[in-house]
Structures are given as structure tokens and as C-alpha cells.
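To start, the structure under review is shown below, and the notes come after it.
The values are calculated or read from the model by the stated rules, or taken from the named source; none is laboratory data. Since the structure is predicted, the reported quantities are computational estimates derived from the model, not experimental observations. Heads up, the Cβs are rebuilt from the backbone with ideal geometry, glycines too, and the neighbour counts pull from every protein chain shown. Ligands, DNA and RNA are stripped out before the accessible areas are found, and what is left, the full protein with its side chains, is counted by its heavy atoms. Shrake-Rupley method; radii C 1.70, N 1.55, O 1.52, S 1.80 Å.
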Amino acid sequence: MCGITACVAEGDVVDELLTGLANLEYRGYDSSGIAVPRGEADVSVLKRSGEIDALREAVAETVPAGSIGIGHTRWSTHGPPTDENAHPHTDCTGTVSVVHNGIIENHETLREELRQRGHEFTSDTDTEVIPHLIEEGLDDGRSTDEAFRRAVDRLEGSFAVVTLCGGEGSLYATRRGSPLVLGLDDDRQFLASDVPSFLEYTDRVVHLEDGDVVEVGPAGYRVTDTDGDRLPREPTSVDWQPEDAERDGYEHYMLKEINEQPQALDRTVRGRIEDDGGVSLSSFPPGSFDGVSDVQFVACGTSYHAALYAREHLVESGVRAHAFRAGEYATTPTPVTEDTLVVAVTQSGETADTLQSIRHARDEGARTLAVTNVVGSTAARTCDDALFIRAGPEIGVAATKTFSSQVTALSLLGERLVEDLTGSPSEDRAERAAAFRRLPSDLTRVLEDSTVADLADRYRDRDAYFFIGRGVGHPVALEGALKFKEITYEHAEGFGSAELKHGPLALVTEETPVVAVFDGRHEEKALANVEEVRARGAPVIAIAGEGSRKVRELADEFLPVPDTHPDALGVLANVQLQLVSYHVADLLGRSIDKPRNLAKSVTVE
Ligand code: M6R
């Protein structure tokens, strides 16, 4: 996945481009570049491998300027992260420059054709075919608009593309399967992969649709379809504040995002829980899911763990529900009927595997629903319905506050599903609802009282780490292990507690801490599993409700959370795990907000 930024204004736009790129670095960060006009008809391209500071240094040396420009931060899919492979890419004449996010599936065929017609290539990327195709259109005497459309017509795959041609006062762009939004300010306009790119300049955005072609000049924009017919695309305002996307004095975005979970959860539940514990979801009044026979969740990574978590409640309440990893679902889809509800859980709303899964489900006639953080995201627009988790922008690659908000929003949705599908509320509806309403304040206590920083110092240097749990403790254990490996780069695995003795126990020694999550249910069995690892000498770090006397006595280290309903307790336990990962990674000096090889949103399959 990569990040596109572009700006056209009355004055110089290089600062806006660099700011936009810095704001998008979470989308990929192995190289970056910009292009601005040079002279009457040329463009000047500056690009560097490495983090954006390398590009800043190059800009400081060469001082490029221009009132129109495009920029890109890359996460490699075709070719290694070198200066040559960084975007923007240009044509043979150096007058057409292009930035691109996504994959051009037929790039090899196009490259071969273009080579035979005399074009020369300087990178290994799929992107580079685009400026050469535009070049051919211009050579044939077409307008830039027409040459751009012709070039895009030849592309197969999923992509967002922005082009700057020398001598032009407008940018031309399109999207098909990859995100692209317009930002509108009074005297400057932006194009970007995501809103945080230009959030400090404007909150007025136009979410472009697949197939839209947009021409953007300093005074406005014009959206047309692939045939050139005008399309109505009205701006809306986003309610994210620029400071929501800044670090606010924290050393890392991840730590800031862990600490802002009480506010995020407050937004997630606000106005959605009634006094008697019933849910009030404006888009889903009672009866919204009448006729649904079964629920399939599709999601990746952390969102998959949130889906597994949500499934527990449904299954316990008598609803047929399954959670699938979207990457596997997209390859081997599970049969659906028109009575199946397929729920895509995706923070970004742009994860390619998840989108592929819901497109398949939709084509097979299932009803689809996106649970996402991003209004206007592809998932929200592809599904029949959407439920927004309202966590606010998450910049750290490691998902933290969005997991807590996903679980909470899914819990509310779960209650509506239980009532509609079984005809009666969950047995413990009132207690569950009260626990989720209390979650922001319970979470504040966890954050204030956590002793994880000391513990991290004692356990930072081990061979491997195991995470186990039962009930909702199981997805929390999986999530704890994912977060730990993602940002500490240390080996970590999560298991259902019962699974340990079927193989993983062979790896447990006195050098492998076992982190055990207790959700308040199944305590005797979970304690027996802990005894199994203690017998092998493994230090046990237990996370449980503060009143769990037996757990406290058995464990080597005890991380308490407020006693509450098990489904809310799992969220609190997970916050302790987020802190464990964060502090160990910090002590090891890892790149916490931008872990190696990873990107915030994975828009390739
Ligand atoms: O945007 P999504 O929720 O669809 O992203 C899915 C995963 O890529 C994501 O949750 C990933 O596992 C996290 N960054 C891990 O912290």
C-alpha cells in the first residue's frame, strides 16, 4: 500500500506536499517523492528511498517550487525500495509524471508493447507504464484529459492514479478499487489517499467513487465518468480535528492512541445504549435483521480478532455465526444464501482481502454490512449497510483504539442481531450494556494504575512469548501475540488455552513467559492450563479481574483489571497487553509507529 498526495493552488505547494506525505507515512514508508513543474513544459521529479526525511533533505538542497504538484510515499509491491522505484514516474520525454497506489495487473503486457514501440523504462514498477501510455496519447495530438482517459482504459487491476503534465494547470486523477479523496480549500485543492493527508488545511472532502475521473484546478474540480459525462459529487465535512491526527506530546502515536481509548469508547457508545440495556442504532432499528439466518464475519489481522470476539456472544446466544480470515475467504469462499449476513470488520475500510470477500458475498446474493472507522471508505460504500466505530483517526500501524471500538460496536450490533434472530434479548443484556457503558471509566483506571512498564523491563529479553486464553480471552490472546510480534520483532504466538497440550507445549521452558488472559468465565479450566505451563518452569503473567484471588496467587506476575462483565473485561485485558507490547518494544528501541515491513492498510491481495 502507498500514499498519494497532490495539491494545486495559487502559490507554491511544496510545503503542502511534504506535509501531506508526512501525514500519510503510515500507509507505507520505504521511499517517497514529489513532482512539480519546471520551466514551460517539463516536470522536475525528486525522489529518495528511505523515510521522508531523506526527501526533505533533497528538497532543502534543490529547492523545487511550483503551484501544482504530486507526491507519493511507497510501500513496495513491484521492485525493491530504491530511488529509481520510488514515485513519481515519468514518460520518455520527462513531461508526464504519475503517482499510483494499487496494482496494475497487466503491466508486463503493456510494458512489452510499449518497449516494442521504442519506450524506455527506468524502474521495476508496474506504475511506469502509465506515463508512457499518456505520452502516446499526447503524441497522437489528444488533450491531456483525453490522453489520461485512454491510458487508464488500458489498465487492469485496482488502482488510484494522479498525473501532472508539464505546462498544465490542472491535475488529472482516477480511482478503481483503491482510495482517493478530494480536499477542498478556498484557494487550493488536494487529492490524497486518505483525509489525514490534508486535514490541517481543510475538512471539506469529496469521496470519489470507482471509475470517477477528476480534473482539479486551483479554483475547483470537475468529476466525470469514464465517457466524460459530468457526475454530481458534493463535498461533505469530516468531523476529525487536525490535533486528533497529531502526537499531542506523546513519544509515539501508539501510546497516544492507547491512552485516548476512554474518549474513543465514549464516542463509540454515545447515544447507542438505552437505560434498560437495549441498543439504539439509528441505522438498525429493531427488526432490521429479520430474515437473517446466519452471520459470517470476514476480516484480517486485528479486525479478525475483533470478529472472533464478537462471534462468542452470538454463538452463546444461539445465533449461527462464523468468523473467517478474509484472505482465506477470498480464495475459498464459504457458501452463502440470501439470508446470510456477511459482516466486514475493517478499521480502514480499504483492506483488499476484506473488500474482495464482501464483493464475492454481495455477488452471491448475501446481505453485506461494513463495521469500519472510515466514513466514505470503500467498504462502507460497497456494503449494503455500515456501522461506524467512531474511534477517530488511528495513525500507528499497530491497531489499538480501533480494536477496542470494534469490539464495543460489534457488541452493540450483536445485541440487535440476537434480538432479531432469536426473538429475545441476550440473557444478561442489562449487565452487558452496563459494563460497556462503564468501559471508558474502567479503562481510565487500567491506564492510570498499570504497572506494565516495570514488568516489561524484567521480561524484555526472552526466547519467545506465548499468549493463551479461553472464551473471549482466546481472541485477546491472539491479539496480544500479534501486537507483540508486530512491534517488538520478538517471536510470539497466541493459542486457545486448551490447544497448548496438542503441540505448542513442547516449546514452553523457563525462558518462555506465558501470558494468560482470564475473562472471568471458565476459570477452573483456565487455571489448569496455567498449571501445565508452570510445571515446565515458564513464568506466568496473568491478566484477570482484580477479585480473582486464585489467579493472583498462582501467577508470577498479576496485571489486574476492574471486575466487570466478561465481554467488557476482555477489552480491558487487551489494553494491558497493548501496554506490554508497547513498553517491551520501547525498551528494545523498535520503530513502534512504523514497524518494519508493515503498512497501516493493506490494499493489495
Ligand atoms: O484496516 P483493517 O482493519 O482492515 O486492517 C486489517 C489488518 O491489516 C490490521 O488489523 C493489522 O493486523 C493491524 N495493523 C495490526 O496491528
Q. Roughly what % of DSSP beta bridges within the chain run antiparallel, to the nearest 5?
A. 60 percent
Q. Under the classification rounded if a/c is under 1.5, otherwise prolate if a/b is larger than b/c and oblate if not, where does the stretch 3-244 fall, given a ≥ b ≥ c as square roots of the Cα gyration tensor eigenvalues?
A. rounded
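Would you please classify the overall shape of the stretch 448-583 from the alpha carbon gyration tensor, given that a ≥ b ≥ c denote the square roots of the eigenvalues, rounded means a/c under 1.5, and beyond that prolate means a/b larger than b/c while oblate covers the rest?
Here the stretch 448-583 falls in the rounded category.
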Q. Counting only heavy atoms of protein chains, what accessible area per residue, in Å², does the chain have with a probe of 1.4 Å?
A. 37 Å²
Q. Using a simple charge model, +1 on the beta-carbon of Lys and Arg, -1 on the beta-carbon of Asp and Glu, nothing else, what dipole does the stretch 3-244 show about its Cα centre, in debye to the nearest 20?
A. 240 debye
(Q) Rounding to the nearest 10 and keeping the result within 0 to 90°, find how far the Cα-based axis of helix 144-153 lies from the longest principal axis of the chain. (A) 50 degrees
Q: Pull out the extension gain between GLU10 and ALA464, defined as 0.36 nm times the separation in residues minus the alpha carbon to alpha carbon distance; nm, one decimal.
A: 157.8 nm
Q: Compute the label zone of ASP185 within the stretch 1-16: residues whose backbone N is under 16 Å from the point 7 Å along Cα-to-Cβ.
A: 5-16
Q. Roughly what angle does helix 523-534 make with the longest principal axis of the chain, taking Cα atoms, 0 to 90 degrees, to the nearest 10?
A. 80 degrees
Q | Stretchable slack from ASP275 to THR422, in nm (0.36 nm times residue separation minus alpha-carbon distance) | A | 50.7 nm
Q: Would you please put 158-169, 588-599, 309-320 in order of how densely packed they are, using the mean number of other Cβ atoms within 10 angstrom per residue and starting with the highest?
A: 158-169, 309-320, 588-599
Q.
Helix 52-62 against the longest principal axis of the chain: what's the angle in degrees, Cα atoms only, rounded to the nearest 10?
A. 20 degrees
Q.
At 7 Å along Cα-to-Cβ for each site, give me the label-to-label distance between ARG233 and ALA528 in nm.
A. 6.0 nm
Q) Put +1 on the Cβ of each Lys and Arg and -1 on the Cβ of each Asp and Glu in the chain; which of ASN101, PHE467, THR331 then has its Cα farthest toward the positive end of the dipole? A) PHE467
Q: Would you mind pulling out the separation of the Cα centroids of the stretch 233-289 and the stretch 354-402, in Å?
A: 15 Å
(Q) I need the trypsin sites (Lys or Arg not before Pro) found in the stretch 69-119, filtered to DSSP loop residues with at most 15 other beta carbons within 10 Å of theirs. (A) ARG117
Q: Please work out how much length the chain gains when fully extended from ARG521 to GLU105, using 0.36 nm per residue of separation minus the C-alpha to C-alpha distance, in nm with one decimal.
A: 144.8 nm
Q) Carbon and sulfur atoms: what percent of the 1.4 Å accessible area of the chain do they account for? A) 43 percent
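What does the C-alpha gyration tensor say about the overall shape of the stretch 188-282? Classify as rounded when a/c is under 1.5, otherwise prolate if a/b is larger than b/c, or oblate. Kindly include the intermediate steps, with their values, before the conclusion.
Numbers: a/c = 3.32, a/b = 1.58, b/c = 2.11.
Here the stretch 188-282 falls in the oblate category.
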Q.
Can you compute the modelled spin-label distance between SER441 and GLN116, with each label point 7 Å from Cα toward Cβ, in nm?
A. 7.4 nm
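Compute, for the stretch 131-172, the length of the dipole vector about the Cα centre, with Cβ point charges of +1 (Lys, Arg) and -1 (Asp, Glu) only. Units Debye, rounded to 20.
Taking the Cα centre of the stretch 131-172 as origin, the dipole is about 120 debye.
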